[in-house]
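Note sheet for the following structure.
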Amino acid sequence: MIPHPRGAIWLLLLLLTTCAAPRGTGDLGLVIERSRGSVLIIEHSSDSVLHRIAGLGDLSHASVVYSRDGLYGYVFGRDGGLSKVDLLRGKLDKRIKQAGNSIGGAISQDGRLIAVSNYEPGGVRIFRASDLSSVVDLPAIDATGRPSRVVGLVDAPGQRFVFSLMDADEIWVVDASAPQEPTVTKFTGVGRQPYDALITPDGRHYVAGLFGEDGLVHLDLWNLDLGTKRILSGYGRGKRKLPVYKMPHLEGWAIAGEQAFLPAVGAHELLVVDTRTWQETGRVALLGQPVFAMAEPGGRHIWVNFAFPDNDRIQVVDSQSQQVVQDLAPGKGVLHMEFTPRGEKVWVSLRDEDRVEILRTSDFSRIGSLRAAQPSGIFFTVRSALIGL
Amino acid sequence: MCIDPKIRTLFMALLLVSGICGVRTVGAGEDAPSLARRGELIQLLERECGSCHGATLAGGMGPSLLPEILSERDTEGIINVILDGRPGTAMPPWRPFLSEGEARWLATRLQAKDPE
């Protein structure tokens with residue numbers, strides 16, 4: 001039995017502390033519930049919802065980056081809200097409203113800075129990751145004094161942020177090594193209306209899609225002195241552009257081996273590009289306007305979803321044969337796909353059916369489903385260790 | 001826009017009442033959308049239009065569609081933009097999915113300061 005009262009207290013404390021087994025965050029993630037302004041904290045080892053966190057504002061176009069320890073998710077909302085979510089305690093740690101109309105964000109190489117790109121007022125604002133206090137504002141004003149919407153913001157090695165000015169046709173490379181006094185390198189006349197961008201997983205190549213012309217623009221971040229270069233110019237080859245009912249995303253990059261698979265704009269195709277030369281090497285015909293083209297970890301398959309009215313479909317492309325190998329109809333309103341870190345499962349958000357579908361990637365079979373209110377973006381903590389995500 | 005299901009239900013109920021009472025605030029004409037179709041159009045507005053203009057239609061990559069902006073504009077012009085898009089911008093033509101009557105109903109609704 002217990003020898004004396006102090007021993008009893010120690011035993012009780014020991015019991016209390018061992019009740020909740022410690023857990024890591026490597027299998028956690030966030031699912032955006034766009035209509036409710038809430039996020040779900042989920043785990044993908046046994047596919048369950050752990051918490052719902054509400055009060056995050058307009059999340060109709062939202063994205064997430066993670067702290068390097070995988071404890072915090074930073075949620076960028078459409079209405080300029082920036083929310084820091086604690087995944088283990090299941091609560092909102094801090095929230096600020098940093099602009100009127102925002103599009104996305106990035107975390108710095110050292111994990112200390114969060115950058116947010118804004119449409120209104122156009123520019124990038126940088127905050128401390130710890131307490132979301134403001135560090136510096138970078139208004140996107142072009143040489144003529146005109147403000148611009150900012151798109152395609154990514155982090156890059158060398159404590160840099162890279163982004164594009166949609167209305168000014170510029171790309172800016174910001175070195176935030178001295179965060180209060182960042183140095184900005186500007187590239188002008190890069191191509192008409194950049195609308196989104198990607199950075200390759202090695203952090204070397206920045207590629208922005210152009211809405212105002214057929215083509216993309218490439219910047220080698222290892223060789224800035226070479227300047228920007230148009231790639232895949234005239235990929236539409238004068239063909240009449242098909243209407244685009246949802247703008248494609250490049251940030252869910254699909255790089256498989258030496259090939260990049262990029263959604264075309266105004267054509268029902270993926271463009272295949274050799275990332276050593278940035279020359280087109282092929283095309284994949286699809287059933288509709290692609291929105292996301294995302295490579296499975298390992299790069300064997302590319303999963304593609306589509307703009308309205310084909311947003312009930314997914315096509316899976318084999319990266320070796322460059323052929324569609326699977327047609328899936330998981331449900332209405334397919335908005336996003338996210339792979340588990342080693343790629344055995346994919347989570348698919350079905351906005352119009354208020355659920356997330358979970359598929360096995362090896363045979364495309366359905367292995368589960370979770371309720372979520374108009375789910376859109378799905379973001380797993382594996383992103384915390386990846387450049388550009 | 002009516003994101004909250006309760007507000008949407010209330011709005012649908014009001015639509016029903018206005019229909020029963022013969023009140024025609026919006027969408028008058030031969031091809032005015034049915035009640036069921038109006039529900040679909042509201043969903044289209046919030047989801048598909050909302051993907052560029054924001055779920056609250058206060059603006060995103062596309063401009064704000066709030067009544068403060070649109071109420072003074074020419075209704076016919078708005079209908080034309082909905083049906084045929086705006087060349088040189090990301091605004092696509094919705095004619096394959098909408099009749100003229102449906103576009104008129106949407107335009108009038110967008111312009112109304114208090115559509116509920």
Chain A: calculated mean residue ellipticity at 222 nm from DSSP helix runs of at least 4, using -39500 (n - 2.57): -1500 deg cm²/dmol
Pairwise centroid distance, computed over Cα atoms, of the stretch B:33-76 with the stretch A:60-119, Å: 27 Å
Among A:Thr200, A:Val136, A:Leu224 the positive-end extreme of the charge dipole of the stretch A:98-244 (Cβ point charges): A:Thr200
Cβ charges +1 (Lys, Arg) and -1 (Asp, Glu), total dipole of chain A, debye: 680 debye
Cβ-Cβ FRET estimate between B:Asp114 and A:Asp131, R0 fixed at 60 Å, reported to 0.05: 0.90
Rg and Dmax of the stretch A:92-171, Cα atoms only, in Å: 12.4, 41
Protein heavy-atom accessible area occluded, B/A pair - total, 1.4 Å probe, Å²: 1900 Å²
Spin-label model distance (nm) - B:Glu72 vs A:Lys91, 7 Å beyond Cα toward Cβ: 4.8 nm
Cα gyration tensor shape for the stretch A:98-244, rounded if a/c is under 1.5, else prolate or oblate: prolate
Simple label model, 7 Å out from Cα along Cβ direction - A:Trp222 to B:Asn80, nm: 5.3 nm
Stokes-Einstein D in µm²/s, Kirkwood radius over Cα pairs - the stretch B:54-111 at 4 °C with 1.567 mPa s viscosity: 111 µm²/s
Relative contact order (%) - criterion: Cα under 8 Å, at least six apart; region: the stretch A:269-389: 15 percent
Where the Cα pairs of the protein assembly as shown fall when distances are cut into 20 Å bins, in %: 22, 55, 19, 3, 0
Computed over the stretch A:161-215: relative contact order in percent, which uses C-alpha pairs under 8 Å that are six or more apart: 30 percent
Nearest-10 value in Å² for the accessible area of A:Glu120, using the 1.4 Å probe: 110 Å²
Tilt relative to chain A, helix A:5-19 - C-alpha long axis, 0 to 90 degrees, to 10: 30 degrees
Relative contact order (percent, whole number), chain A, Cα cutoff 8 Å, 6+ residue spacing: 11 percent
Where Cα atoms sit under 25 Å apart: lysine pairs in chain A separated by 8 or more or lying on different chains: 7
Convex hull volume per residue in cubic angstrom - Cα atoms of the stretch A:182-317: 118 Å³
Exposure rank, largest accessible area first [A:Arg371, A:Arg146; 1.4 Å]: A:Arg371, A:Arg146
Length gained when the stretch A:Ser321-A:Ser369 is fully extended (0.36 nm per residue, less Cα-Cα span): 14.2 nm
Cut-off 10 Å between beta-carbons: net charge of the residues surrounding A:Ala373, Lys and Arg +1, Asp and Glu -1: +4
Calculated log₁₀ intensity ratio I(q)/I(0) where the Debye formula runs over C-alpha points of the stretch A:142-229, q = 0.10, 0.18, 0.22, 0.23 Å⁻¹: -0.22, -0.72, -1.06, -1.15
Inter-label distance for A:Asp175 and A:Leu242, nm, one decimal - labels placed 7 Å from Cα along Cα-to-Cβ: 4.5 nm
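The values are calculated or read from the model by the stated rules, or taken from the named source; none is laboratory data. Quick caveat: nothing in here was measured; it's all calculated off a predicted structure. All Cβ positions, even for glycine, are placed from backbone atoms using ideal geometry, and neighbour counts span all protein chains on display. Note: areas computed on protein heavy atoms with side chains; ligands, DNA, RNA excluded. Shrake-Rupley method; radii C 1.70, N 1.55, O 1.52, S 1.80 Å.
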